[in-house]
Number of protein chains: 2
Amino acid sequence: MNTIELIKGISRTSPEKIVLLVIDGLGGLPDPQTGKSELETARIPHLDELASRGICGLADIIAPGITPGSGPGHLALFGYDPVDCNIGRGVLEAIGIDIELKPGDVAARGNFCTIDKNGIIADRRAGRISTEKCAELCKLLDGLSINGVDIKIYPLKEHRFVAVFRGGNLAAELTESDPSQTGIAPLEIKAVHAIAWGTANIVNQFIAKAREILKDQQPANMILLRGFSKKPQLPTIPEIYKLNPLAIAVYPMYRGLARLVGMGIASAGMTPESEFQSLKDNYKEHDFFFVHLKWADTAGEDKDFARKVKVLEQIDAALLGITALKPDVLVITGDHSTPAILGGHSWHPVPVLISSRYCRPDNVKEFSEKAFLNGGLGRIKATQIMPLAMANALKLTKFGA
Amino acid sequence: MNTIELIKGISRTSPEKIVLLVIDGLGGLPDPQTGKSELETARIPHLDELASRGICGLADIIAPGITPGSGPGHLALFGYDPVDCNIGRGVLEAIGIDIELKPGDVAARGNFCTIDKNGIIADRRAGRISTEKCAELCKLLDGLSINGVDIKIYPLKEHRFVAVFRGGNLAAELTESDPSQTGIAPLEIKAVHAIAWGTANIVNQFIAKAREILKDQQPANMILLRGFSKKPQLPTIPEIYKLNPLAIAVYPMYRGLARLVGMGIASAGMTPESEFQSLKDNYKEHDFFFVHLKWADTAGEDKDFARKVKVLEQIDAALLGITALKPDVLVITGDHSTPAILGGHSWHPVPVLISSRYCRPDNVKEFSEKAFLNGGLGRIKATQIMPLAMANALKLTKFGA
């Protein structure tokens with residue numbers, strides 16, 4: 001029996017409320033100059049105070065050494081096995097802009113790019129064209145039909161878009177056309193499995209047509225496609241946990257992930273304060289809240305140690321917006337580490353804090369990677385966070401007589 | 001290969017003796033007034049002394065967040081996967097009152113209940129009738145035979161009883177008749193799997209007969225059945241570990257669990273001193289002793305923090321009854337935590353102490369949840385306790401050449 005089946009059998013509704021605060025890219029690494037991580041550098045008195053009263057630890061999102069993408073990162077936090085339930089990039093992007101995918105649809109993430117006269121990729125992002133330009137170009141490609149397959153193109157930010165292939169007997173077992181480097185030509189799409197031969201052919205035809213349509217555009221004269229995928233069939237959060245969940249997330253992908261697992265979606269502005277205000281506004285109507293804060297990750301991705309420190313301090317300063325609500329269970333963690341000195345997601349376990357009346361506090365006094373090494377949670381798997389949150393909210397009955 | 005198969009392949013007999021002392025409901029939570037748990041409040045110098053000389057840690061019985069029942073709790077301590085080897089409620093209740101179940105028997109837990117003239121459940125416990133009344137009513141239902149299946153009814157406390165179906169080709173894949181709520185009629189028993197169609201029919205006939213027999217009784221004019229189950233076929237402790245085990249447990253369910261895994265059963269009085277005396281009396285004849293002390297759990301279940309503290313102090317004071325025997329390996333742990341402030345089993349990991357010549361002592365000086373966080377065992381699974389006990393008793397040969 002897997003954990004989700006087990007939890008499904010013992011979960012129950014209760015009046016208690018759970019807030020899962022995900023600080024994207026939370027964990028970091030020491031600045032070689034100071035020997036202190038972003039969390040150790042930041043002045044974060046409210047987080048330290050919560051650490052003193054709560055139970056702390058470190059969580060592996062997938063497994064030691066494995067760096068998670070945002071999809072697996074969040075699925076693991078929601079209790080799903082992040083390897084079994086992996087979601088393709090195309091689907092992730094599609095659901096992030098509210099595209100209603102049907103079961104047979106294949107979605108792909110696209111980039112407009114620049115190729116030179118020999119067809120060699122000069123810029124994988126076409127100089128990061130404006131979002132408006134992107135929308136304009138998407139209209140040129142939208143609505144094509146090839147062998148009975150309809151192709152819809154939806155603009156994202158800057159050079160990014162989503163392609164959705166619908167109709168016929170499509171399969172997503174395809175290689176990518178984006179070589180992830182410049183100086184070579186876009187790759188031909190190939191079927192990884194025989195069932196996808198037909199789909200590969202259609203996608204390659206589409207790419208050829210797109211090249212033809214875009215040939216006089218500059219700098220966006222070509223497209224790259226990757227992350228071909230179909231929508232997975234996951235049991236939802238209400239089904240597994242008997243929760244009435246709400247997501248407060250301002251970036252599309254996270255809203256899409258939340259929708260995929262059956263959460264309601266709230267609106268909010270682009271600051272921690274605004275997201276916490278949305279939490280307050282919606283607090284009565286739900287018993288589980290996934291609150292996603294993006295900006296620590298963005299600073300880490302930009303290799304901006306100081307800005308990541310500042311973001312953490314801003315979040316800390318706004319935290320009263322959550323604690324004033326006195327949630328029965330407050331979980332603070334990340335979907336992965338994003339150390340500024342690495343400039344990207346990393347494999348390092350993420351700090352986890354659980355604060356509740358029944359959490360069995362430990363001796364940790366400070367919210368940091370190093371302090372959490374001695375936390376009472378020890379080193380756990382991210383998929384164990386939801387069962388712990390549920391237990392602390394008295395939402396799980398005992399297993400066995 | 002699962003752990004049990006691995007252990008089976010490398011276990012051997014040795015003169016060394018292992019005592020597994022299970023303090024039921026051992027772990028707790030801090031009293032909000034003092035910030036100290038039951039163990040931290042109690043004066044337990046002998047346990048502290050053992051902690052100083054032994055190796056300590058915390059064990060998850062099932063998994064983080066999952067609260068174990070007594071059945072899974074003990075099976076995990078004996079080394080069995082507590083989810084795979086889950087024992088149904090009917091069987092657990094039956095073995096708890098010394099009913100000798102045969103392999104094909106199906107056991108169910110029953111309640112006498114009250115239905116109104118329309119057949120709607122008014123009270124699921126028939127006003128908690130007396131144990132004497134229950135015994136009287138059980139006699140009315142006992143000994144029926146339907147299509148060659150003999151049905152025995154055994155009274156438990158108050159409104160509770162056990163029903164055992166024997167004969168023919170019975171299966172336990174059945175739904176329950178107890179809807180776990182009042183205001184609706186008892187549910188029809190249904191087969192979850194085709195092999196149980198015949199059994200469902202017999203059980204429904206039995207329930208109809210019982211209703212007829214009880215129709216003039218008040219308030220116990222109907223029955224509810226749940227937890228249909230067969231005795232699981234587990235490899236026994238002698239088979240896995242090549243041990244000659246003895247259980248010293250005074251409450252029926254724990255004796256039943258011990259018998260199920262092939263232990264001999266000793267008799268003892270209802271105090272730690274008497275159970276430890278029984279250990280001494282039987283010490284020569286066995287090489288493994290499961291000693292079960294119930295009362296810390298009972299105090300926790302009663303939300304009586306002070307009494308749980310007192311029970312822990314009483315156990316500590318009596319502990320010389322074990323240590324004077326100088327067991328080669330002494331393990332002290334619990335089958336689950338029962339924090340007094342929760343008044344029930346909980347998901348919190350249980351303290352584990354292993355004391356032996358070869359245990360590699362750590363820096364822990366105190367027997368408590370918090371002190372054990374820094375113990376040398378770290379955070380383990382309860383199923384890992386038996387292999388560790390066996391190793392410390394030099395009863396496992398090396399794996400592989």
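The values are calculated or read from the model by the stated rules, or taken from the named source; none is laboratory data. Quick caveat, the model's predicted, so the values are computed rather than measured. FYI the Cβ positions are ideal-geometry reconstructions off the backbone, even for glycines, and counts take in every protein chain you see. Note: areas computed on protein heavy atoms with side chains; ligands, DNA, RNA excluded. Shrake-Rupley method; radii C 1.70, N 1.55, O 1.52, S 1.80 Å.
Beyond a 26 Å Cα-Cα separation, which of these cross-linked pairs lie in this structure: A:Lys280/A:Lys370; A:Lys242/B:Lys209; A:Lys242/A:Lys326; A:Lys308/A:Lys370? Where the Cα-Cα span goes over 26 Å, the pairs concerned are A:Lys280/A:Lys370; A:Lys242/B:Lys209.
When the Cα gyration tensor is reduced to axis lengths a ≥ b ≥ c, the ratio a/c is 1.5 or higher for the range A:112-158, and with a/b not above b/c it is classed as oblate.
If you take each beta carbon of peptide B:66-74 and count the beta carbons of other chains within 10 angstrom, what is the mean? Mind showing how you got there, number by number?
Numbers: counts 13, 8, 3, 5, 3, 3, 4, 3, 1.
The per-residue average across the peptide is 5.
If you take all other residues with their beta carbon under 11 Å from the beta carbon of A:Ser274, and give Lys and Arg +1 and Asp and Glu -1, the sum is -2. Sorting B:164-172, B:286-294 by average packing, meaning the other beta carbons within 10 Å per residue, from highest down gives B:286-294, B:164-172. Computed over the protein assembly as shown, the alpha-carbon pair-distance distribution with 10 angstrom bins reads 3, 12, 19, 20, 19, 14, 9, 4, 1, 0, each value a whole percent.
Given a 1.4 Å probe and every protein chain left where it sits, what share in percent of the accessible area of chain A is carbon and sulfur? The nonpolar share, carbon plus sulfur, comes to 51 percent. If you take the alpha carbon atoms of the range A:306-375 and fit the smallest convex hull around them, that volume is 107 Å³ per residue. Summing charges over all other residues whose Cβ lies under 12 Å from the Cβ of A:Asp81, with Lys and Arg as +1 and Asp and Glu as -1, gives -1.
The modelled label-to-label distance for the pair A:Asp116/B:Thr323, using points 7 Å beyond Cα in the direction of Cβ, is 8.1 nm. If you run the Gaussian network model on chain A, springs between alpha carbon atoms under 10 Å, then out of A:Lys303, A:Lys157, A:Lys284 the most flexible one is A:Lys284. The value obtained for chain B, namely the Cα convex hull volume divided by the number of residues, is 151 Å³ per residue. When the surface is traced with a 1.4 Å probe over the full set of protein chains, A:Trp295 keeps roughly 50 Å² accessible.
Average accessible surface for the range B:273-401: 41 Å² per residue, computed with a 1.4 Å probe over protein heavy atoms with every protein chain in place.
What net charge do the residues around B:Leu156 carry, taking every other residue with its C-beta under 13 Å from that of B:Leu156, with Lys and Arg at +1 and Asp and Glu at -1? Could you put the intermediate results ahead of the total?
Details: positive: B:Arg89, B:Arg109, B:Arg125, B:Arg128, B:Lys133, B:Lys157, B:Arg160; negative: B:Glu93, B:Asp98, B:Glu132, B:Glu158.
The answer is +3.
For the segment B:333-342, counting C-beta atoms of other chains within 10 Å of every residue's C-beta and taking the mean gives 1. Here the average projected area of the convex hull drawn through the C-alpha atoms of the range A:1-57 stands at 6.7 nm². Taking every DSSP beta bridge that has both ends in the protein assembly as shown, the antiparallel portion is near 60%. Rolling a 1.4 Å probe across all protein chains gives B:Met270 an accessible area of roughly 110 Å².
If R0 is taken as 35 Å, the Cβ-Cβ distance between A:Ile213 and A:Glu100 corresponds to a FRET efficiency of 0.85. Can you bin the range A:170-270 into rounded, prolate or oblate? Criterion: square roots of the alpha carbon gyration tensor eigenvalues sorted a ≥ b ≥ c, rounded for a/c under 1.5, prolate for a/b above b/c, oblate for the rest. In terms of gyration-tensor shape, oblate.
Computed from the alpha carbon atoms alone, the convex hull of the range B:228-306 holds 110 Å³ per residue.
Taking the helices alone, the protein assembly as shown has a mean residue ellipticity at 222 nm of -8500 deg cm²/dmol, built from -39,500 (n - 2.57) per DSSP H run of at least 4 residues and averaged over all its residues. Judged by the mean number of other Cβ atoms found within 10 Å, the most tightly packed of the peptides A:141-148, B:369-376 leads the ranking B:369-376, A:141-148.
Summarising the strand pairing of chain B, around 60 percent of its internal DSSP beta bridges are antiparallel.
Structural size metrics of the range B:334-401, computed from C-alpha coordinates, are Rg and Dmax of 14.3, 51 Å.
Helix A:197-214 and the long axis of chain A differ in direction by around 70°, with both axes built from C-alpha atoms. Reducing the range B:369-383 and the range A:3-19 to their Cα centroids gives an inter-centroid distance of 26 Å. Rounded to a whole number of µm²/s, how large is the Stokes-Einstein D of the range A:1-152 at 25 °C and 0.890 mPa s, given Rh as the Kirkwood radius over C-alpha pairs? Rounded to a whole number, D works out at 118 µm²/s. Here, the range B:108-261 yields an orientationally averaged convex hull projection of 10.5 nm² when only Cα atoms define the hull.
Neighbouring Cβ atoms from other chains, within 10 Å of the Cβ of residues in B:343-349, number 5 on average. Sorting the segments B:332-339, A:25-32 by their mean number of nearby beta carbons within 10 angstrom, highest to lowest, gives B:332-339, A:25-32. Taking both sides together, the accessible area buried where A meets B is about 2200 Å² for a 1.4 Å probe. With N counted as the residues of the range A:264-401, its alpha-carbon radius of gyration over 2.2 N^0.38 Å works out to 1.12.
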